[in-house]
């Protein structure tokens, strides 16, 4: 079957999905969870083929670990689906109501987006997580994972489709693209007739390719060149703790801190303390001239450093004389993900919150909190770094659109 | 100046715009309105050059009329800007607040989108309307109008920029692209670094080109192949009135009815009455075989007719046996704009409202009401036919994004 045929089949489920109840959706999610747990052996043995192929093809230990499924990880996926079932239904919410003098009653409600395409890389857990979120929000989903995980993904999708049938749903509400060639991804990017939105999940290269080549509306996710600004009035120990946490707690994530911006009036006192803390985990520090002068642990930085999302034990340091300079530097170099200010000055905090053009702006806290779970969304499908439709962590609500319902009794204009 | 330089200049106004108050924005809109009225002569004489060039280049009377500015039309633009000033500020609205056990206070608020690009065709009033809406929603705007209106647009933009300076705003909050070549539009479609969103306003060709070629996120507007379904239980006179209104009140608009879908159980009684009414304005009726049999005024339709937005005194007629068949036909052929059911059956009304996948779905009313003013938005920048970000009439709220503000006192993860 071609991806276009899969798109057509997905679209044909939408009339069913527009009439489905919350209970039906939750029931289907429960059956999916149960069946995943009942089929642990089957999933693990399909996954073993991917792992073996991965090893043969020279995948590194990190990638092999991301690819690997075991009983615990499968149970976690099942629990994830149950947790999504427990969240409020994002569809059918009344957003506004307007009664006109002529008697028209105009309601605006939330509705599913329709058919969502997801292009993702090695982690097979995305298959279940994304399908569960799309199902709960009333959408059909077309999942196109990477070739490394194709056997695992096929097993997971087959089980979910069987569960859908048991729950009385059309199976094509969840579809996996069997063809993992570049062409199938390209085809999805141009299925405007069948896809209402496309969400890429993975590395920079994948996201860039989708943003540049898709005519289907895209939600850009993921890349985070996150900054922490240490203001003149900062509590230096707090600054050192927060920067240490944001840089080193998990280096491979998009909300990790990549760049430190520091006020020249506090740099001589603060930077040696911050640098010493970072050296506990052997973080390489690359700074401008003033940062190098302020602390001998700082190596020279280039302009390129300030635009780099390292995802590694490296951090850049930029010295500024004012908060305005800090704001300008950050807005020019950030990816609009997460930025923080460390300050005891309320006015500066408010200015930073207002002027920094990012999805999540912090005062005196680690950027690592940018996450659907931490923000009370319950679950997330990704973190949007664009401003259209969704910004920051995206939960169920961000997988819906709206619709006007207009009740009349013969009104004409 | 290149469009890229204009984009850079627009982006540099955003720190100012993120701190601006509602009063400052309303004051600037008031000065814009006053200065438009003070400069009527100047605008009319610039417009006269466009009209003369248009006549020389063989523009038809309809296009010349759309291009033409006079004192009344300029006053209407000024009043439009004042009306936008009177609307509530869409920015800074608290959408949600989440307090975590660890003491973090997480707020989600509305913020401007940033820099909005608008590519539009002949009507110079779009210059002022769009600029006023963007300004009130805290955005910078780059307006790229058609070459037919370049003298009018330049006069209008110059006056607005002068007003911005008087109001203490950076002038580059409103910019007009002087270069009306195809290249300037193409450049805008690829200014991801400077544009947060692109809105095309105009004909099918323009919108298609932008959707297909833009890497900047687009809001698709405009095209409307709108259907009215006459259910078995319809009040036939009401149906005839509504269809007559939706088809003929203004044929050139996107919410005009282009296709009639009719239940076979009522067709013999209803279609002759509806057709007779439509013939009062000489509407050409093209139907399937059963429609032709039911009424001698009906000419044959082809499959292409059912996919056509006529924008003319023509309507297609499709016969169906059930409401489900009507829903399937409409969802397969509509552009997702506005559709209506005429029925006395509440269950069928609810089914139609649920299952029709369009921005605005009506029961017993004309599709012509799909309009920002009619829906209580106060003003509109266009009607979105996509599902991402905005759907249906877009007002000030749809020109905003969101931002998370997180207040901590040293929290780490």
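The values are calculated or read from the model by the stated rules, or taken from the named source; none is laboratory data. Just so it is clear, the model here is predicted, and its values are computed rather than measured. Neighbour counts run over all protein chains shown; Cβ positions are idealised from the backbone, glycine included.
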So for region A:270-278 (the condition being touching a strand residue (DSSP E or B) at 6+ places or on another chain (Cβ under 8 Å) and closer than 30 Å to residue B:402 by Cα), does at least one residue qualify? no
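Could you please give the count of residues in region B:96-114 that are more than 10 Å from chain A (Cβ to nearest Cβ) and not in a loop (DSSP other than H, G, I, E, B)? Before you say what the answer is, go through the steps one by one.
Initial filter on region B:96-114 (more than 10 Å from chain A (Cβ to nearest Cβ)): B:101, B:110.
If we keep only those that are not in a loop (DSSP other than H, G, I, E, B) too, we end up with B:110.
Summing the residues that are more than 10 Å from chain A (Cβ to nearest Cβ) and not in a loop (DSSP other than H, G, I, E, B) in region B:96-114 gives 1.
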Selected residue (only one of A:70, A:26, A:57 is more than 27 Å from the chain's Cα centre (by Cα) and either closer than 30 Å to residue B:372 by Cβ or assigned by TED's automatic domain parsing to the domain that holds residue A:118 (or both)): A:57
Pick from region B:353-379 the residues that are surrounded by fewer than 22 Cβ atoms within 10 Å (Cβ to Cβ) and more than 7 Å from chain A (Cβ to nearest Cβ): which of them is farthest from residue B:127 (Cα to Cα)? B:374
For residue A:131, which of the numbered conditions (1) under 21 Å from the mean Cα position of the chain (by Cα); (2) at pLDDT 95 or above; (3) not in a helix (DSSP H, G or I) fails to hold? (3)
In region A:218-251, which residues are farther than 17 Å from residue A:271 by Cβ and either away from chain B (no Cβ under 11 Å) or outside any helix (DSSP H, G or I) (or both)? A:218, A:219, A:220, A:221, A:222, A:223, A:224, A:225, A:226, A:249, A:250, A:251
Against the conditions (1) at the interface with another protein chain (Cβ under 10 Å from one of its Cβ atoms); (2) part of a helix (DSSP H, G or I); (3) crowded, with 18+ Cβ neighbours inside 10 Å, where does residue A:255 fall short? Just the number, please. (2)
Search result, residues across region B:387-413 that are at the interface with chain A (Cβ under 9 Å from one of its Cβ atoms), out of contact with any strand residue (DSSP E or B) (no Cβ under 7 Å at 6 or more places or on another chain) and buried (at least 22 other Cβ atoms within 10 Å of the Cβ): B:389
Given the conditions (1) more than 10 Å from chain B (Cβ to nearest Cβ); (2) touching a residue at least 60 places away in the same chain (Cβ under 8 Å); (3) under 27 Å from residue A:57 (Cβ atoms), which single one is not true for residue A:168? (3)
May I ask you to verify whether residue B:178 is in contact with a helix residue (DSSP H, G or I) (Cβ under 8 Å, 6 or more places away or on another chain), more than 14 Å from chain A (Cβ to nearest Cβ) and within 24 Å of residue B:51 (Cβ to Cβ)? yes
Of (1) under 17 Å from the mean Cα position of the chain (by Cα); (2) modelled with pLDDT under 95; (3) surrounded by fewer than 24 Cβ atoms within 10 Å (Cβ to Cβ), residue B:146 satisfies all except one. Which? (1)
Residue list for region A:1-23, restricted to those being closer than 16 Å to residue A:136 by Cβ and surrounded by 14 or more Cβ atoms within 10 Å (Cβ to Cβ): A:13, A:14, A:16, A:17, A:18, A:20, A:22
Residue check for residue A:346: more than 7 Å from chain B (Cβ to nearest Cβ) and free of Cβ contacts under 8 Å to residues at least 12 places away in the same chain: yes
Filter region A:201-217 down to the residues that are touching a helix residue (DSSP H, G or I) at 6+ places or on another chain (Cβ under 9 Å), in contact (Cβ under 8 Å) with a residue 40 or more places away in the chain and not in a loop (DSSP other than H, G, I, E, B) and list them by number. A:201, A:206, A:210
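Name the residue, out of A:164, A:198, that is crowded, with 18+ Cβ neighbours inside 10 Å, in a strand (DSSP E or B) and modelled with pLDDT of 95 or more.
Details: A:164 fails: in a strand (DSSP E or B).
Just one listed residue meets the conditions, A:198.
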Per the filter on region A:74-124, residues surrounded by fewer than 21 Cβ atoms within 10 Å (Cβ to Cβ) and on the phi > 0 side of the Ramachandran plot are A:92, A:103
Per-region count, region A:83-122, residues within 21 Å of the chain's Cα centre (by Cα) and farther than 23 Å from residue A:136 by Cβ: 2
Considering (1) within 14 Å of chain B (Cβ to nearest Cβ); (2) out of contact with any helix residue (DSSP H, G or I) (no Cβ under 9 Å at 6 or more places or on another chain), say which one residue A:117 fails and leave the rest. (2)
Quick check on my filter: what residues within region A:284-318 are over 33 Å from the mean Cα position of the chain (by Cα) and part of a loop (DSSP other than H, G, I, E, B)? A:295, A:296, A:297
